[in-house]
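> Can you read through this structure? Questions will come right after.
The values are calculated or read from the model by the stated rules, or taken from the named source; none is laboratory data. Since this is a predicted model, take the numbers as computed values, not measurements. In this analysis, Cβ positions are derived from the backbone assuming ideal geometry, glycine residues included, and neighbour counts consider all displayed protein chains.
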Amino acid sequence: MKTTDSKELIIALDELEKERGISKEYMLESLEAALVMAYKRNFDSAENVKITMDKETGEIHIYAVKEVVKEVEDQMLQISLDDAKNINKKLKLGDSVNIEIIPKNFGRIAAGTAKQIIVQKIREAEREILYKEFDQRKGEVVTGMIQKAEGTALVLDLGKLEGIMPKKEQIPTETYHLNEKIKGYVVDVQKGTKGNPQVVVSRSHPDFVRKLLEFEIPEIYEGLIEIKSVSRDPGYRSKVAVYSTNKDIDPVGSCVGQRGIRIQNVIRELNGEKIDIIEWDENPSMYIAQALLPAEVLAVDIKEDEKFAQVIVADDQLSLAIGKSGQNARLAARLTNWKIDIKSESQYREILQSQTEETEEQE
């Protein structure tokens, strides 16, 4: 490379380090490795070549690396001890010696290679910066425009990056349209094809409801109200357990808001998905009874070691407690992390009666 080209290269590397945070040392190492490959490719050389670039001037030095031997068998890779002594008297058998070579026209090849490597490394660095930026945003809500709505996965334009919403992360009751703006929860950031970061976004994740509630309810965002658990049947219903250590705060009332305005904003974002806000209780019986709302529970008998709860409800509350297709009971079990068996008062009496009769027969 010409001296002017060399100086311009070093100036460019200094600017890259300053403006984009790409290490000059890293760039020089990458350039040196690429120049070795370019040299061997263009000069069809079997030599063991070493190329260095001066980090101040950018000057390129090309060396043939040869082993000092007693008897030369390969001129490309070896040098005799006598010839090596002519270069440096301190050299001995087994040492390596660098012999500088100056091939014709390599400056033009080097300049082209340097340009390619700089462009490549800038792209790699930009991708890595974007990856790190979005990797730190896992668990956040982002807004994107739908670029592709065909097939199973949605492709979203998130500005700097592309977002993917797989079928399992979509709300089954929703229909998506091209150029529609939607919100989603960042569940993962992956390195896709060619190293391009790809953001995996979800609207069905339980924590999407958690984050939406944080946005709408200042007490949650400020930590005055804690969301203990969320269970969800995306598109249909969610149950959220909330708690506050401050006795002056009504956690359920604060989340629902006056005339339900706070919770309505979240329901609107979820296109009508019902949200039950219930108060968390450290007493499992109380917590399970709350989790089964809107059904009224008469009694809860728990087996702590099995995390099993037998729940008794009035006859007219049984279908409400279980819910359509078992939804209410299923969500309550997920919310509390307890196995829940629900019986009506009549069913429970029949069981007790049957047990009593068996006992009498045995006696």
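> Tell me yes or no: at least one residue of the range 140-149 is in a loop (DSSP other than H, G, I, E, B), β-branched (Val, Ile, Thr) and over 16 Å from the mean Cα position of the chain (by Cα).
Among the residues of the range 140-149, not one is in a loop (DSSP other than H, G, I, E, B), β-branched (Val, Ile, Thr) and over 16 Å from the mean Cα position of the chain (by Cα), which makes the answer no.
> Closer than 17 Å to Ala241 by Cα, among the small types (Gly, Ala, Ser) and assigned to a helix (DSSP H, G or I) - does that describe any residue in the range 306-320? Before the answer, list the steps.
Initial filter on the range 306-320 (closer than 17 Å to Ala241 by Cα): none.
Checked the range 306-320: no residue is closer than 17 Å to Ala241 by Cα, among the small types (Gly, Ala, Ser) and assigned to a helix (DSSP H, G or I).
> Show me the strands (runs of 3 or more DSSP E) found entirely inside the range 40-80 where at least 2 residues are over 24 Å from Ser23 (Cα atoms) and not polar (S, T, N, Q).
In the range 40-80, the matching strands (runs of 3 or more DSSP E) lie at 60-69.
> Taking the options Gly235, Gly159, name whichever one is among the small types (Gly, Ala, Ser) and surrounded by 14 or more Cβ atoms within 10 Å (Cβ to Cβ).
Criteria check complete, one pass: Gly235.
> Across the range 204-229, what is the number of residues that are within 18 Å of the chain's Cα centre (by Cα) and without any contact (Cβ under 8 Å) to a residue 40 or more places away in the chain?
Residues flagged as within 18 Å of the chain's Cα centre (by Cα) and without any contact (Cβ under 8 Å) to a residue 40 or more places away in the chain within the range 204-229 amount to 4.
> Another one. Search the range 114-137 for residues that are at negative phi and of a type in the set (Phe, Trp, Tyr) and pair each with any residue that is in a helix (DSSP H, G or I) and modelled with pLDDT of 75 or more when their beta-carbon atoms are under 6 Å apart and the residues are at least 6 apart or on different chains.
Partner pairs satisfying both residue conditions: none exist.
> Okay, moving on. When you scan the range 159-167, do you find a residue that is part of a helix (DSSP H, G or I) and at pLDDT below 95, even just one?
Within the range 159-167, the first condition is being part of a helix (DSSP H, G or I), and the residues that meet it are 167.
Still in the list and also at pLDDT below 95: 167.
For the range 159-167, residues part of a helix (DSSP H, G or I) and at pLDDT below 95: present.
> Right, something else. Taking the condition surrounded by 20 or more Cβ atoms within 10 Å (Cβ to Cβ) and touching a residue at least 24 places away in the same chain (Cβ under 8 Å), does Ala309 pass?
Yes, satisfied.
> May I ask you to verify whether Gly235 is among the small types (Gly, Ala, Ser) and part of a loop (DSSP other than H, G, I, E, B)?
Yes: the conditions hold for Gly235.
> Among the residues of the range 24-39, which ones are under 14 Å from Phe106 (Cβ atoms) and exposed (fewer than 14 other Cβ atoms within 10 Å of the Cβ)?
Met37
> Sticking with this one: Can you name the condition, by its number, that Leu93 falls short on among (1) of a type in the set (A, V, I, L, M); (2) touching a Gly at 6+ places or on another chain (Cβ under 7 Å); (3) loosely packed, with under 13 Cβ neighbours inside 10 Å?
(2)
The rows are residues; the columns are (1) surrounded by fewer than 18 Cβ atoms within 10 Å (Cβ to Cβ); (2) in a loop (DSSP other than H, G, I, E, B); (3) basic (Lys, Arg).
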{"residue": "Ile220", "(1), (2), (3)": "no, no, no"}
{"residue": "Leu224", "(1), (2), (3)": "yes, yes, no"}
{"residue": "Ile227", "(1), (2), (3)": "no, no, no"}
{"residue": "Lys239", "(1), (2), (3)": "no, no, yes"}
{"residue": "Gly253", "(1), (2), (3)": "yes, no, no"}
{"residue": "Ile261", "(1), (2), (3)": "yes, no, no"}
{"residue": "Val266", "(1), (2), (3)": "no, no, no"}
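> Which residue out of Asn265, Asn283, Asn337, Asn328 is within 30 Å of Pro218 (Cβ to Cβ) and touching an Asp or Glu at 6+ places or on another chain (Cβ under 6 Å)?
The unique qualifying residue is Asn265.
> Only one residue in Leu9, Leu91, Leu35, Leu16 is assigned to a helix (DSSP H, G or I) and modelled with pLDDT of 80 or more, so which one is that? Please lay out each step first, then the result.
Numbers: Leu9 fails: modelled with pLDDT of 80 or more; Leu91 fails: assigned to a helix (DSSP H, G or I); Leu16 fails: modelled with pLDDT of 80 or more.
Being assigned to a helix (DSSP H, G or I) and modelled with pLDDT of 80 or more holds for just one of Leu9, Leu91, Leu35, Leu16, which is Leu35.
> Regarding Ile182, is this residue in contact with an Asp or Glu (Cβ under 9 Å, 6 or more places away or on another chain), part of a loop (DSSP other than H, G, I, E, B) and not assigned by TED's automatic domain parsing to the domain that holds Glu8?
No; evaluated as a whole, the condition is false for this residue.
> So if I check each of Ile302, Ile340, which one is in contact with a helix residue (DSSP H, G or I) (Cβ under 9 Å, 6 or more places away or on another chain), surrounded by 14 or more Cβ atoms within 10 Å (Cβ to Cβ), in a strand (DSSP E or B) and modelled with pLDDT under 95? Let's see the steps before the verdict.
Values: Ile340 fails: modelled with pLDDT under 95.
Every option except Ile302 fails the conditions.
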